[in-house]
Amino acid sequence: MIVSWRNRRAHNNKMNNNNRLCEDLDAEINVPTHFRCPISLDLMKDPVTLCTGITYDRENIERWIEAGNETCPFTKQVLETFDLIPNHILRRMIQDWCVQNRSLGVERIPTPRIPVSQCEVSEVCSRIVGATRRGDGKKCGELVRKIKNWGKESERNKRCIMENGTGCILSASFESFARDSFEKHINLLVEILLVLSWMSPLGKDGRSKLGTESSLRCIIWLLRNGDLSGRQSAVLVLKEILHSDDRRIITNTLRAIEGVVEALFFLIKEPISPTATKASLMAIYCMISSTTKNDMITSRFLEMGLVGVIVEAIVEADKSVCEKALGVLDEICNTEKGKEEACNNALIMAVLVKKVLRVSEWATELSVSILWKLCDEESVRIEAIQVGTFKKLLVILQVGCGEGTKEKVKELLKLLNVYNNRVDCCVDSSMGFKYLKKPF
(Lines give C-alpha, C1' and ligand atoms only; values in the text may rest on other atoms or scores of the structure.)
Protein backbone atom coordinates (compact mmCIF):
# COMPACT_ATOMS: atom_id res chain seq x y z
CA MET A 1 0.00 0.00 0.00
CA ILE A 2 2.82 2.40 0.70
CA VAL A 3 5.11 1.52 -2.18
CA SER A 4 4.61 4.71 -4.20
CA TRP A 5 4.99 6.94 -1.13
CA ARG A 6 8.11 5.06 -0.10
CA ASN A 7 9.60 5.39 -3.56
CA ARG A 8 9.27 9.18 -3.41
CA ARG A 9 10.70 9.49 0.09
CA ALA A 10 13.40 6.84 -0.36
CA HIS A 11 14.73 8.00 -3.72
CA ASN A 12 18.55 7.72 -3.71
CA ASN A 13 18.42 6.11 -0.21
CA LYS A 14 19.55 2.59 0.63
CA MET A 15 17.07 -0.25 1.16
CA ASN A 16 18.01 -0.59 4.81
CA ASN A 17 16.10 2.63 5.52
CA ASN A 18 12.75 0.89 4.91
CA ASN A 19 11.94 0.36 8.59
CA ARG A 20 12.50 4.05 9.40
CA LEU A 21 10.34 5.09 6.47
CA CYS A 22 7.52 2.82 7.64
CA GLU A 23 7.67 4.46 11.05
CA ASP A 24 7.46 7.89 9.38
CA LEU A 25 4.41 6.73 7.46
CA ASP A 26 2.63 5.59 10.60
CA ALA A 27 3.33 9.00 12.12
CA GLU A 28 1.89 10.84 9.09
CA ILE A 29 -1.15 8.62 8.44
CA ASN A 30 -3.57 7.92 11.24
CA VAL A 31 -5.29 4.65 10.31
CA PRO A 32 -8.72 4.50 11.99
CA THR A 33 -8.85 1.81 14.67
CA HIS A 34 -11.97 0.16 13.23
CA PHE A 35 -10.13 -0.29 9.92
CA ARG A 36 -7.50 -2.46 11.59
CA CYS A 37 -7.82 -6.22 12.15
CA PRO A 38 -7.99 -6.97 15.92
CA ILE A 39 -5.59 -9.89 15.39
CA SER A 40 -2.79 -8.37 13.29
CA LEU A 41 -3.59 -4.65 13.84
CA ASP A 42 -2.98 -4.18 10.09
CA LEU A 43 -5.36 -2.47 7.68
CA MET A 44 -8.01 -5.00 6.66
CA LYS A 45 -8.17 -6.03 3.00
CA ASP A 46 -11.09 -8.47 3.20
CA PRO A 47 -13.14 -7.73 6.35
CA VAL A 48 -15.49 -10.49 7.50
CA THR A 49 -17.74 -10.62 10.55
CA LEU A 50 -18.12 -13.53 12.99
CA CYS A 51 -21.36 -14.53 14.74
CA THR A 52 -20.12 -12.50 17.73
CA GLY A 53 -20.36 -9.30 15.68
CA ILE A 54 -16.59 -8.66 15.61
CA THR A 55 -14.96 -8.01 12.24
CA TYR A 56 -11.56 -9.43 11.26
CA ASP A 57 -9.46 -9.67 8.13
CA ARG A 58 -10.44 -12.95 6.44
CA GLU A 59 -6.90 -14.33 6.19
CA ASN A 60 -6.18 -13.82 9.90
CA ILE A 61 -9.44 -15.22 11.27
CA GLU A 62 -9.30 -18.24 8.96
CA ARG A 63 -5.80 -18.98 10.22
CA TRP A 64 -7.10 -18.64 13.81
CA ILE A 65 -9.96 -21.09 13.20
CA GLU A 66 -7.81 -23.57 11.27
CA ALA A 67 -5.44 -23.67 14.25
CA GLY A 68 -8.26 -25.33 16.22
CA ASN A 69 -9.55 -22.30 18.15
CA GLU A 70 -13.28 -22.28 18.83
CA THR A 71 -13.63 -18.85 20.44
CA CYS A 72 -13.76 -15.28 19.18
CA PRO A 73 -10.24 -13.80 19.59
CA PHE A 74 -11.59 -10.47 20.83
CA THR A 75 -14.59 -11.39 23.00
CA LYS A 76 -13.43 -14.93 23.97
CA GLN A 77 -17.00 -16.15 23.37
CA VAL A 78 -17.45 -19.71 22.09
CA LEU A 79 -18.39 -19.58 18.41
CA GLU A 80 -21.79 -21.11 17.66
CA THR A 81 -20.94 -21.10 13.97
CA PHE A 82 -17.77 -20.56 11.96
CA ASP A 83 -19.56 -18.71 9.15
CA LEU A 84 -17.67 -15.63 7.91
CA ILE A 85 -19.96 -12.89 6.60
CA PRO A 86 -18.29 -10.37 4.24
CA ASN A 87 -18.56 -6.83 5.66
CA HIS A 88 -19.07 -4.98 2.38
CA ILE A 89 -19.90 -1.62 4.02
CA LEU A 90 -16.67 -1.56 6.03
CA ARG A 91 -14.64 -2.69 3.04
CA ARG A 92 -16.03 0.19 0.93
CA MET A 93 -15.24 2.63 3.76
CA ILE A 94 -11.65 1.36 3.83
CA GLN A 95 -11.39 1.71 0.05
CA ASP A 96 -12.73 5.29 0.22
CA TRP A 97 -10.23 6.11 2.96
CA CYS A 98 -7.41 4.72 0.81
CA VAL A 99 -8.46 6.96 -2.10
CA GLN A 100 -8.59 10.02 0.19
CA ASN A 101 -5.03 9.34 1.34
CA ARG A 102 -3.67 8.58 -2.11
CA SER A 103 -1.47 11.68 -1.98
CA LEU A 104 0.47 10.02 0.85
CA GLY A 105 1.07 6.93 -1.24
CA VAL A 106 -1.74 4.77 0.13
CA GLU A 107 -3.03 2.45 -2.60
CA ARG A 108 -6.66 1.43 -2.82
CA ILE A 109 -7.20 -2.16 -1.69
CA PRO A 110 -8.76 -4.31 -4.44
CA THR A 111 -12.26 -5.68 -4.05
CA PRO A 112 -11.71 -9.27 -2.82
CA ARG A 113 -13.18 -12.19 -4.65
CA ILE A 114 -15.68 -14.35 -2.81
CA PRO A 115 -13.97 -17.62 -1.80
CA VAL A 116 -15.11 -20.73 -3.61
CA SER A 117 -17.57 -22.94 -1.74
CA GLN A 118 -17.70 -26.71 -1.38
CA CYS A 119 -20.93 -26.78 -3.38
CA GLU A 120 -19.31 -24.98 -6.30
CA VAL A 121 -16.34 -27.35 -6.28
CA SER A 122 -18.60 -30.42 -6.09
CA GLU A 123 -20.73 -29.15 -8.96
CA VAL A 124 -17.72 -28.58 -11.23
CA CYS A 125 -16.29 -31.99 -10.31
CA SER A 126 -19.58 -33.65 -11.25
CA ARG A 127 -19.55 -31.88 -14.60
CA ILE A 128 -15.94 -33.01 -15.19
CA VAL A 129 -17.00 -36.61 -14.56
CA GLY A 130 -19.82 -36.23 -17.08
CA ALA A 131 -17.60 -34.57 -19.71
CA THR A 132 -14.98 -37.32 -19.27
CA ARG A 133 -17.55 -40.06 -19.81
CA ARG A 134 -18.73 -38.36 -23.00
CA GLY A 135 -15.15 -37.84 -24.15
CA ASP A 136 -15.82 -34.10 -24.38
CA GLY A 137 -12.27 -32.75 -24.07
CA LYS A 138 -13.26 -29.16 -24.84
CA LYS A 139 -15.83 -28.94 -22.05
CA CYS A 140 -13.55 -30.76 -19.65
CA GLY A 141 -10.78 -28.27 -20.42
CA GLU A 142 -13.05 -25.32 -19.60
CA LEU A 143 -13.93 -26.84 -16.23
CA VAL A 144 -10.32 -27.67 -15.38
CA ARG A 145 -9.29 -24.09 -16.16
CA LYS A 146 -12.05 -22.89 -13.85
CA ILE A 147 -10.56 -24.96 -11.02
CA LYS A 148 -7.07 -23.70 -11.88
CA ASN A 149 -8.25 -20.07 -11.69
CA TRP A 150 -9.93 -20.71 -8.35
CA GLY A 151 -6.68 -22.10 -7.01
CA LYS A 152 -4.76 -19.04 -8.18
CA GLU A 153 -7.00 -16.71 -6.17
CA SER A 154 -6.04 -17.93 -2.68
CA GLU A 155 -4.58 -20.74 -0.61
CA ARG A 156 -8.01 -21.12 1.00
CA ASN A 157 -9.51 -21.96 -2.39
CA LYS A 158 -6.79 -24.56 -2.95
CA ARG A 159 -7.59 -26.24 0.35
CA CYS A 160 -11.30 -26.24 -0.43
CA ILE A 161 -10.63 -27.80 -3.85
CA MET A 162 -8.37 -30.52 -2.45
CA GLU A 163 -10.70 -31.38 0.45
CA ASN A 164 -13.54 -32.17 -1.97
CA GLY A 165 -11.81 -35.04 -3.76
CA THR A 166 -10.93 -33.06 -6.88
CA GLY A 167 -7.54 -34.77 -7.19
CA CYS A 168 -9.06 -38.22 -7.65
CA ILE A 169 -11.57 -36.94 -10.23
CA LEU A 170 -8.90 -35.12 -12.24
CA SER A 171 -6.64 -38.18 -12.07
CA ALA A 172 -9.43 -40.36 -13.48
CA SER A 173 -10.06 -37.80 -16.23
CA PHE A 174 -6.34 -37.67 -17.04
CA GLU A 175 -6.17 -41.46 -17.30
CA SER A 176 -9.25 -41.59 -19.52
CA PHE A 177 -8.06 -39.00 -22.05
CA ALA A 178 -4.48 -40.31 -22.00
CA ARG A 179 -5.76 -43.81 -22.81
CA ASP A 180 -7.94 -42.48 -25.63
CA SER A 181 -5.20 -40.49 -27.41
CA PHE A 182 -2.93 -38.23 -25.40
CA GLU A 183 -1.57 -36.50 -28.49
CA LYS A 184 -5.11 -35.50 -29.45
CA HIS A 185 -5.87 -34.15 -25.97
CA ILE A 186 -2.40 -32.90 -25.06
CA ASN A 187 -3.49 -29.36 -24.12
CA LEU A 188 -6.18 -30.69 -21.77
CA LEU A 189 -3.75 -33.15 -20.18
CA VAL A 190 -1.23 -30.36 -19.55
CA GLU A 191 -3.96 -28.29 -17.85
CA ILE A 192 -4.89 -31.23 -15.62
CA LEU A 193 -1.25 -31.79 -14.63
CA LEU A 194 -0.86 -28.10 -13.77
CA VAL A 195 -3.70 -28.43 -11.26
CA LEU A 196 -2.60 -31.84 -9.95
CA SER A 197 0.93 -30.52 -9.35
CA TRP A 198 -0.26 -28.54 -6.28
CA MET A 199 -2.58 -31.26 -4.99
CA SER A 200 -0.59 -33.29 -2.51
CA PRO A 201 -1.29 -35.91 -1.35
CA LEU A 202 -3.41 -37.19 -4.22
CA GLY A 203 -4.73 -40.22 -2.36
CA LYS A 204 -4.49 -43.89 -3.21
CA ASP A 205 -7.25 -43.83 -5.86
CA GLY A 206 -5.73 -40.84 -7.60
CA ARG A 207 -2.24 -42.36 -7.66
CA SER A 208 -3.60 -45.64 -9.00
CA LYS A 209 -5.22 -43.84 -11.96
CA LEU A 210 -2.03 -41.90 -12.71
CA GLY A 211 0.08 -45.05 -12.24
CA THR A 212 -1.39 -46.87 -15.23
CA GLU A 213 0.81 -47.39 -18.28
CA SER A 214 -1.22 -45.00 -20.45
CA SER A 215 -1.01 -42.22 -17.85
CA LEU A 216 2.71 -42.74 -17.23
CA ARG A 217 3.50 -42.71 -20.95
CA CYS A 218 1.76 -39.36 -21.27
CA ILE A 219 3.56 -37.94 -18.21
CA ILE A 220 6.96 -39.08 -19.51
CA TRP A 221 6.20 -37.65 -22.96
CA LEU A 222 5.45 -34.27 -21.36
CA LEU A 223 8.55 -34.61 -19.21
CA ARG A 224 10.63 -34.92 -22.39
CA ASN A 225 8.77 -32.67 -24.83
CA GLY A 226 6.73 -30.18 -22.80
CA ASP A 227 7.51 -26.54 -22.11
CA LEU A 228 9.10 -25.51 -18.81
CA SER A 229 5.78 -25.33 -16.98
CA GLY A 230 4.62 -28.65 -18.40
CA ARG A 231 7.86 -30.41 -17.52
CA GLN A 232 7.77 -29.10 -13.96
CA SER A 233 4.16 -30.20 -13.50
CA ALA A 234 4.95 -33.63 -14.96
CA VAL A 235 7.89 -34.28 -12.63
CA LEU A 236 5.93 -33.07 -9.58
CA VAL A 237 3.10 -35.48 -10.37
CA LEU A 238 5.54 -38.31 -11.15
CA LYS A 239 7.22 -37.78 -7.78
CA GLU A 240 3.83 -37.93 -6.07
CA ILE A 241 2.96 -41.19 -7.87
CA LEU A 242 6.26 -42.83 -6.94
CA HIS A 243 6.07 -41.66 -3.34
CA SER A 244 3.66 -44.45 -2.40
CA ASP A 245 3.54 -48.06 -1.31
CA ASP A 246 3.08 -49.14 -4.95
CA ARG A 247 6.31 -47.58 -6.20
CA ARG A 248 7.84 -50.99 -7.02
CA ILE A 249 4.94 -51.77 -9.35
CA ILE A 250 5.06 -48.29 -10.87
CA THR A 251 8.83 -48.55 -11.37
CA ASN A 252 8.32 -51.84 -13.21
CA THR A 253 5.84 -50.07 -15.49
CA LEU A 254 8.27 -47.18 -16.05
CA ARG A 255 10.99 -49.66 -17.03
CA ALA A 256 9.10 -50.34 -20.27
CA ILE A 257 8.67 -46.64 -21.12
CA GLU A 258 11.42 -45.15 -23.24
CA GLY A 259 13.08 -41.93 -22.11
CA VAL A 260 12.15 -41.80 -18.41
CA VAL A 261 15.76 -42.04 -17.21
CA GLU A 262 16.98 -39.42 -19.67
CA ALA A 263 14.16 -37.00 -18.82
CA LEU A 264 14.85 -37.13 -15.08
CA PHE A 265 18.61 -36.98 -15.58
CA PHE A 266 18.49 -33.80 -17.66
CA LEU A 267 16.24 -32.06 -15.12
CA ILE A 268 19.18 -32.29 -12.72
CA LYS A 269 21.95 -31.65 -15.22
CA GLU A 270 20.12 -28.68 -16.76
CA PRO A 271 17.79 -27.51 -13.97
CA ILE A 272 14.72 -25.46 -14.80
CA SER A 273 13.77 -24.63 -11.20
CA PRO A 274 14.66 -25.72 -7.65
CA THR A 275 11.19 -27.25 -7.32
CA ALA A 276 11.68 -29.41 -10.41
CA THR A 277 15.19 -30.40 -9.29
CA LYS A 278 13.96 -31.58 -5.89
CA ALA A 279 11.06 -33.48 -7.43
CA SER A 280 13.37 -35.13 -9.95
CA LEU A 281 15.80 -36.21 -7.21
CA MET A 282 12.96 -37.69 -5.17
CA ALA A 283 11.62 -39.55 -8.21
CA ILE A 284 15.07 -40.97 -8.97
CA TYR A 285 15.51 -42.02 -5.34
CA CYS A 286 12.16 -43.84 -5.33
CA MET A 287 12.99 -45.62 -8.59
CA ILE A 288 16.50 -46.69 -7.53
CA SER A 289 15.52 -47.75 -4.01
CA SER A 290 12.65 -49.91 -5.25
CA THR A 291 14.78 -51.95 -7.69
CA THR A 292 17.40 -54.65 -7.32
CA LYS A 293 21.06 -53.73 -7.02
CA ASN A 294 21.87 -54.52 -10.66
CA ASP A 295 18.66 -53.22 -12.15
CA MET A 296 18.77 -51.76 -15.66
CA ILE A 297 17.30 -48.43 -14.46
CA THR A 298 20.10 -47.92 -11.93
CA SER A 299 22.69 -49.00 -14.51
CA ARG A 300 21.28 -46.58 -17.07
CA PHE A 301 21.46 -43.67 -14.60
CA LEU A 302 25.10 -44.53 -13.88
CA GLU A 303 25.98 -44.82 -17.58
CA MET A 304 24.62 -41.32 -18.17
CA GLY A 305 26.89 -39.93 -15.44
CA LEU A 306 24.40 -39.37 -12.62
CA VAL A 307 27.09 -39.54 -9.93
CA GLY A 308 29.08 -36.68 -11.41
CA VAL A 309 25.99 -34.53 -12.00
CA ILE A 310 24.76 -35.03 -8.45
CA VAL A 311 28.15 -34.24 -6.92
CA GLU A 312 28.29 -31.04 -8.98
CA ALA A 313 24.77 -30.14 -7.84
CA ILE A 314 25.65 -30.66 -4.16
CA VAL A 315 28.48 -28.11 -4.26
CA GLU A 316 26.22 -25.03 -4.35
CA ALA A 317 22.88 -26.61 -3.43
CA ASP A 318 20.55 -25.29 -0.74
CA LYS A 319 19.62 -27.45 2.24
CA SER A 320 16.64 -29.22 0.69
CA VAL A 321 18.32 -30.04 -2.63
CA CYS A 322 21.53 -31.07 -0.85
CA GLU A 323 19.72 -33.55 1.42
CA LYS A 324 17.84 -35.13 -1.46
CA ALA A 325 20.96 -35.33 -3.64
CA LEU A 326 22.90 -36.99 -0.82
CA GLY A 327 20.03 -39.44 -0.37
CA VAL A 328 20.24 -40.47 -4.03
CA LEU A 329 24.03 -40.76 -3.83
CA ASP A 330 23.79 -42.90 -0.70
CA GLU A 331 21.36 -45.23 -2.45
CA ILE A 332 23.58 -45.45 -5.53
CA CYS A 333 26.52 -46.48 -3.36
CA ASN A 334 24.63 -49.62 -2.35
CA THR A 335 25.60 -51.07 -5.73
CA GLU A 336 29.10 -52.14 -6.74
CA LYS A 337 29.00 -50.18 -9.97
CA GLY A 338 27.68 -47.15 -8.12
CA LYS A 339 30.52 -47.33 -5.59
CA GLU A 340 33.03 -47.64 -8.42
CA GLU A 341 31.64 -44.57 -10.18
CA ALA A 342 31.69 -42.59 -6.93
CA CYS A 343 35.26 -43.60 -6.10
CA ASN A 344 36.41 -42.45 -9.54
CA ASN A 345 34.87 -38.99 -9.08
CA ALA A 346 37.51 -36.35 -8.31
CA LEU A 347 35.16 -34.12 -6.31
CA ILE A 348 33.22 -36.49 -4.15
CA MET A 349 35.47 -36.81 -1.08
CA ALA A 350 36.03 -33.08 -0.68
CA VAL A 351 32.33 -32.36 -1.26
CA LEU A 352 31.16 -34.90 1.30
CA VAL A 353 33.57 -33.71 3.97
CA LYS A 354 32.65 -30.08 3.32
CA LYS A 355 28.95 -30.81 3.82
CA VAL A 356 29.46 -32.60 7.15
CA LEU A 357 28.05 -30.46 10.02
CA ARG A 358 27.35 -27.59 7.61
CA VAL A 359 23.93 -28.37 6.13
CA SER A 360 21.81 -30.35 8.58
CA GLU A 361 21.94 -33.36 10.86
CA TRP A 362 20.34 -35.47 8.15
CA ALA A 363 22.89 -34.35 5.55
CA THR A 364 25.70 -35.21 7.98
CA GLU A 365 24.31 -38.71 8.52
CA LEU A 366 24.00 -39.29 4.78
CA SER A 367 27.54 -38.00 4.14
CA VAL A 368 28.95 -40.32 6.81
CA SER A 369 26.99 -43.24 5.35
CA ILE A 370 28.44 -42.59 1.87
CA LEU A 371 31.98 -42.23 3.25
CA TRP A 372 31.54 -45.49 5.16
CA LYS A 373 30.50 -47.30 1.98
CA LEU A 374 33.34 -45.89 -0.11
CA CYS A 375 36.26 -46.42 2.26
CA ASP A 376 36.81 -50.07 1.31
CA GLU A 377 39.74 -49.26 -0.98
CA GLU A 378 43.09 -48.09 0.36
CA SER A 379 43.37 -45.31 -2.23
CA VAL A 380 40.01 -43.94 -1.10
CA ARG A 381 41.04 -43.99 2.55
CA ILE A 382 44.21 -42.08 1.73
CA GLU A 383 42.23 -39.45 -0.18
CA ALA A 384 39.79 -39.23 2.73
CA ILE A 385 42.68 -38.42 5.11
CA GLN A 386 44.02 -35.82 2.69
CA VAL A 387 40.76 -33.86 2.59
CA GLY A 388 40.44 -33.76 6.39
CA THR A 389 37.91 -36.53 6.98
CA PHE A 390 39.58 -37.78 10.18
CA LYS A 391 39.24 -34.43 11.95
CA LYS A 392 35.63 -34.00 10.85
CA LEU A 393 34.74 -37.46 12.17
CA LEU A 394 36.20 -36.60 15.57
CA VAL A 395 34.11 -33.43 15.67
CA ILE A 396 30.96 -35.47 14.88
CA LEU A 397 31.60 -37.66 17.91
CA GLN A 398 32.08 -34.58 20.08
CA VAL A 399 28.94 -32.86 18.80
CA GLY A 400 26.84 -36.01 18.98
CA CYS A 401 24.85 -38.04 16.45
CA GLY A 402 22.51 -41.01 16.11
CA GLU A 403 23.59 -44.48 17.21
CA GLY A 404 23.78 -45.80 13.64
CA THR A 405 25.91 -42.89 12.50
CA LYS A 406 28.10 -43.13 15.60
CA GLU A 407 28.95 -46.77 14.81
CA LYS A 408 29.88 -45.84 11.24
CA VAL A 409 32.05 -42.96 12.49
CA LYS A 410 33.91 -45.27 14.87
CA GLU A 411 34.54 -47.82 12.12
CA LEU A 412 35.80 -45.08 9.80
CA LEU A 413 38.14 -43.72 12.47
CA LYS A 414 39.62 -47.20 12.96
CA LEU A 415 40.16 -47.57 9.21
CA LEU A 416 41.64 -44.10 8.77
CA ASN A 417 43.76 -44.06 11.92
CA VAL A 418 46.31 -46.34 10.24
CA TYR A 419 47.00 -43.63 7.63
CA ASN A 420 46.52 -40.57 9.83
CA ASN A 421 50.19 -40.16 10.77
CA ARG A 422 51.60 -41.36 7.47
CA VAL A 423 49.63 -39.09 5.11
CA ASP A 424 49.80 -35.30 5.15
CA CYS A 425 46.46 -33.51 5.15
CA CYS A 426 47.12 -31.48 2.02
CA VAL A 427 43.59 -30.24 1.38
CA ASP A 428 41.46 -28.07 3.64
CA SER A 429 37.83 -29.19 3.22
CA SER A 430 36.61 -25.75 4.28
CA MET A 431 38.15 -24.24 1.15
CA GLY A 432 36.49 -24.01 -2.21
CA PHE A 433 36.84 -26.58 -4.95
CA LYS A 434 38.92 -24.64 -7.46
CA TYR A 435 41.98 -26.82 -6.80
CA LEU A 436 40.16 -29.99 -7.88
CA LYS A 437 39.93 -31.18 -11.43
CA LYS A 438 36.30 -31.79 -12.36
CA PRO A 439 35.47 -35.28 -13.68
CA PHE A 440 33.66 -33.96 -16.76
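The values are calculated or read from the model by the stated rules, or taken from the named source; none is laboratory data. All values reported here derive from a predicted model rather than from experimental measurement. All Cβ positions, even for glycine, are placed from backbone atoms using ideal geometry, and neighbour counts span all protein chains on display. Heavy atoms of the whole protein, side chains included, go into the accessibility calculation; ligands, DNA and RNA do not. Shrake-Rupley method; radii C 1.70, N 1.55, O 1.52, S 1.80 Å.
In a Debye calculation with equal point scatterers on the alpha-carbon sites of the chain and no solvent, what is log10 I(q)/I(0) at q = 0.14 Å⁻¹?
-1.14
Multiplying the sequence separation of THR75 and GLU258 by 0.36 nm and subtracting their Cα-Cα distance, what value in nm do you get?
Once the chain is fully extended between THR75 and GLU258, it gains 59.6 nm.
Give the calculated FRET efficiency between VAL399 and ASP136 to the nearest 0.05, with a Förster radius of 51 Å applied to their Cβ-Cβ distance.
Computed FRET efficiency for VAL399 and ASP136 comes out at 0.25.
For the full complex of protein chains and a 1.4 angstrom probe, list TRP64, TRP372 by accessible area with the highest value first.
I get TRP372, TRP64, largest accessible area first.
At most 12 other C-beta atoms within 10 Å and a DSSP loop state: those are the exposed GluC sites (Glu not before Pro) I care about. Give me the longest piece of the chain that has none.
Counting at most 12 other Cβ atoms within 10 Å as exposed, the longest clean stretch of the chain is 81-182.
With a Förster radius of 25 Å, plug the Cβ-Cβ distance of ASN420 and TRP362 into 1/(1 + (r/R0)^6) and report the FRET value to the nearest 0.05.
0.35
Run the 1.4 Å probe and let me know the accessible area of HIS88, rounded to the nearest 10 Å².
80 Å²
I'd like the FRET efficiency for HIS88 and GLU183, computed as 1/(1 + (r/R0)^6) with the beta carbon distance as r and R0 of 41 Å, rounded to 0.05.
That gives a FRET efficiency of 0.25.
Given the DSSP H assignment, sum -39500 (n - 2.57) over each helix run of at least 4 residues in the chain and divide by its residue total; what's the result at 222 nm in deg cm²/dmol, nearest 500?
Computed ellipticity for the chain at 222 nm equals -19500 deg cm²/dmol.
How much length is gained if the chain between ASP205 and MET304 is pulled fully straight, taking 0.36 nm per residue apart and subtracting their Cα-Cα distance, in nm to one decimal?
In short, 32.2 nm is gained.
For the pair GLU336/THR52, report the inter-label distance in nm, with labels modelled 7 Å from Cα in the Cβ direction.
So the two model labels end up 7.0 nm from each other.
So how tilted is helix 260-269 from the main axis of the chain? Cα-based, degrees 0 to 90, rounded to 10.
80 degrees
Give me the one-decimal nm value for the distance between modelled label points at ILE39 and ASP96, 7 Å along each residue's Cα-to-Cβ direction.
Output for this residue pair reads 2.7 nm.
Using Cα pairs closer than 8 Å and at least 6 residues apart in sequence, work out the relative contact order for the chain, in percent.
Across the chain, relative contact order equals 8 percent.
Label region 208-331 by shape, choosing from rounded, prolate and oblate, from the square roots a ≥ b ≥ c of the eigenvalues of the Cα gyration tensor; if a/c is under 1.5 it is rounded, and otherwise prolate applies when a/b is larger than b/c, oblate when it is not.
Judged from the Cα gyration tensor, region 208-331 comes out oblate (a/c at least 1.5, b/c at or above a/b).
Looking at this model, which pairs from LYS76/LYS158; LYS204/LYS239; LYS324/LYS373; LYS354/LYS406 are more than 22 angstrom apart at the alpha-carbon?
As for pairs spanning more than 22 Å Cα to Cα, those are LYS76/LYS158.
May I ask you to compute the full-extension gain from SER122 to SER103, defined as 0.36 nm times their residue separation minus their alpha-carbon distance, rounded to one decimal in nm?
Separation in residues times 0.36 nm, less the Cα-Cα distance, equals 2.3 nm.
At 1.4 Å probe size, what's the solvent-accessible area of ASP96? Round to the nearest 10 Å².
About 90 Å², rounded to the nearest 10.
Expressed as a whole number of Å, what is the distance separating the alpha-carbon centroids of region 210-269 and region 323-365?
The distance from the Cα centre of region 323-365 to that of region 210-269 comes to 25 Å.
Could you put ARG134, ARG92 in order of accessible surface area, largest first, with the 1.4 Å probe and the full protein assembly present?
Output order, biggest surface exposure first: ARG134, ARG92.
On a 0 to 90 degree scale, rounded to 10, what angle separates helix 319-332 from the longest Cα axis of the chain?
That works out to roughly 40 degrees.
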